[in-house]
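Peer 1: Structure provided below as structure tokens; questions to follow.
The values are calculated or read from the model by the stated rules, or taken from the named source; none is laboratory data. The model shown is predicted, which means the values in this text are computed figures rather than measured ones. Here the Cβ is made from the backbone with ideal geometry for all residues, glycine too, and neighbour counts use every protein chain on show. Side chains are part of the model used for accessible areas, which takes the heavy atoms of the whole protein and leaves out ligands, DNA and RNA. Shrake-Rupley method; radii C 1.70, N 1.55, O 1.52, S 1.80 Å.
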Amino acid sequence: MDFSILGSGGCAVIPKPLCRCRICTEARQKGVPFERGGPAAFVHDENILIDTPAEISRQLNRSDIRDITHLMLTHLDPDHIEGFRVVEQMTIDFRTWQAFPEKTVRLVLPRQLLESFRKVSTAYGSLVSFYEKSGFLCCEPFDRKTMIGDVQVTALPVDRGDQVAYIYVFEKNGCKAVYAPCDIKPFPEQDPAVQNPDVLFIQPGLFETGLRHGYVYPDDHISRTTLYTFEQTVALSRRIQAKQVVFIHLEEYWHRSFTDYRALEANLDNMVFAWDGMTLTINKRGK
Ligand SMILES: [Zn+2]
Ligand SMILES: [Zn+2]
């Protein structure tokens, strides 16, 4: 399987608008890989786009992706769906204001997530219904497992109370990739579906040192209920025996540059920090 990380940033992109910190200033000067857009990935095998951050149009334009047939969303937080209008832009025929029929995107979502997404509204009513009517997308809800071409997808819900986020497991030809960018605590590590992946794409969790203004997270900070610490994430990755780990959803407020992450990688086996445009071929040896 071939993956691209189109955006390696988190809910605040790098450079963060207006910010003059060391990390954002450097990113503004140097661009990618110091610059990081919102979280999105692409599975080349079946042209599956995962998530649509605000920067998705730009991310697609700088990649050489020519076709998107399937779209999946991990959850409905703005940093993952703000750019959803890309579906309209990719498919619309302005002569008719309908989609070119061959360009209709298949929205493949866990049933419960699709039901929630149908409630997201625009001036034209439900966004999903409007897009269906215009032929921009068709909905393909599924329960725990589905096949997209030759790729098997398993959806694992992470219940956050008011919303559910999903971890997706992609499998093909005996290779397994787990995609877990955001809102992954409690991680379903007892589920065999996530165990022994060739690649685990996961957010690094919370860094407790080196933060801006010398900030120290108090023991009872709300972020601790939604995020593991970085050390806990590394330990989790080892417990599920991930052969390779790629950290994604890298937040501006971790206050670490591309160079800082490179230095951190040197002390970690088989763990790397993603950058925008990173591509990865997953084979049985986890390469
Ligand atoms: Zn900054
Ligand atoms: Zn997120």
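Peer 1: Quick one: check the C-alpha center-to-center distance for region 200-227 versus region 1-36, whole angstrom.
Peer 2: Here the two parts' Cα centres lie 19 Å apart.
Peer 1: Over all directions, how big on average is the projection of the convex hull of the alpha-carbon atoms in region 2-281, in square nanometres?
Peer 2: Values: hull surface 61.1 nm².
Directional mean of the projected Cα hull area for region 2-281 stands at 15.3 nm².
Peer 1: Are there chymotrypsin sites (Phe, Trp or Tyr not before Pro) in region 61-128 that DSSP marks as loop and that have at most 15 other Cβ atoms within 10 Å, and which are they? Before the final figure, lay out the partial values.
Peer 2: Numbers: sites: Phe84, Phe94, Trp97, Phe117, Tyr124; in loops: Phe84, Phe94, Trp97, Tyr124.
For chymotrypsin sites (Phe, Trp or Tyr not before Pro) across region 61-128 that sit outside H, G, I, E and B with at most 15 neighbouring Cβ atoms in 10 Å, the list reads Phe94, Trp97, Tyr124.
Peer 1: State the antiparallel share, in %, of DSSP beta bridges confined to region 2-281, rounding to the nearest 5. Could the numbers behind the result be given before it?
Peer 2: Details: 33 of 56 bridges.
Among the beta bridges of region 2-281, antiparallel pairing accounts for roughly 60 percent.
Peer 1: Dipole size in debye (nearest 20) for the chain around its Cα centre, Lys and Arg Cβ +1, Asp and Glu Cβ -1? Before the final figure, lay out the partial values.
Peer 2: Details: 33 positive and 37 negative charges, 78 e Å.
With Lys and Arg at +1 and Asp and Glu at -1, about 380 debye.
Peer 1: On to the next question. Calculate how many DSSP beta bridges within region 84-163 are antiparallel, expressed in % of all such bridges and rounded to the nearest 5.
Peer 2: Approximately 55 percent, going by the DSSP bridge assignments.
Peer 1: Tell me, what are the semi-axes, in whole angstrom and largest first, of the equivalent ellipsoid of region 1-160 as set by the roots of 5 times the Cα gyration tensor eigenvalues?
Peer 2: Details: eigenvalues 146, 68, 57 Å².
They are 27, 18, 17 Å, listed largest first.
Peer 1: Here's something else I'd like to know. Find which of Phe201, Ile248, Leu280 sits farthest along the positive direction of the dipole of region 171-287, computed with +1 on the beta-carbon of Lys and Arg, -1 on that of Asp and Glu, about the Cα centre.
Peer 2: Leu280
Peer 1: Here are some pairs, Lys145/Lys172; Lys103/Lys133; Lys145/Lys284; Lys145/Lys176; Lys30/Lys176; which of them have Cα atoms lying more than 24 Å apart in this structure?
Peer 2: Working: Lys145/Lys172 13 Å; Lys103/Lys133 14 Å; Lys145/Lys284 22 Å; Lys145/Lys176 14 Å; Lys30/Lys176 34 Å.
The answer is Lys30/Lys176.
Peer 1: If you place +1 on the Cβ of every Lys and Arg and -1 on the Cβ of every Asp and Glu, how big does the dipole about the Cα centre of region 175-287 come out, in debye to the nearest 20? Can you show the working numbers first?
Peer 2: On the way: 12 positive and 14 negative charges, 108 e Å.
I would put it at about 520 debye.
Peer 1: When ligands, DNA and RNA are left out and all protein chains stay put, how many square angstrom of accessible area per residue does the chain have with a 1.4 Å probe? Write out the running numbers ahead of the final one.
Peer 2: On the way: 13170 Å² over 287 residues.
For the chain, the per-residue accessible area is 46 Å².
Peer 1: Which value in deg cm²/dmol, rounded to the nearest 500, describes the helix-derived mean residue ellipticity at 222 nm for the chain, given -39,500 (n - 2.57) per DSSP H run of n ≥ 4 and division by the residue count? Let's see the in-between values first.
Peer 2: Numbers: 9 runs with 63 residues, N = 287.
After summing the helix terms and dividing by the residues of the chain, the value is -5500 deg cm²/dmol.
Peer 1: Here is a follow-up. Using only the alpha carbons of region 114-212, what is the convex hull's orientation-averaged projected area in square nanometres? Please list the in-between numbers first.
Peer 2: On the way: hull surface 39.0 nm².
Average of the hull's projected areas for region 114-212 equals 9.7 nm².
Peer 1: Let me ask you something else. Counting only protein heavy atoms, what percent of the accessible surface of the chain is carbon or sulfur at a 1.4 Å probe? List each step's numbers first, then the result.
Peer 2: Values: 6640 of 13170 Å².
Whole-percent figure for carbon plus sulfur exposure: 50.
Peer 1: Hey, rough spin-label estimate for Asn283 and Arg238, points 7 angstrom out along Cα→Cβ, what's it come to in nanometres?
Peer 2: 2.9 nm
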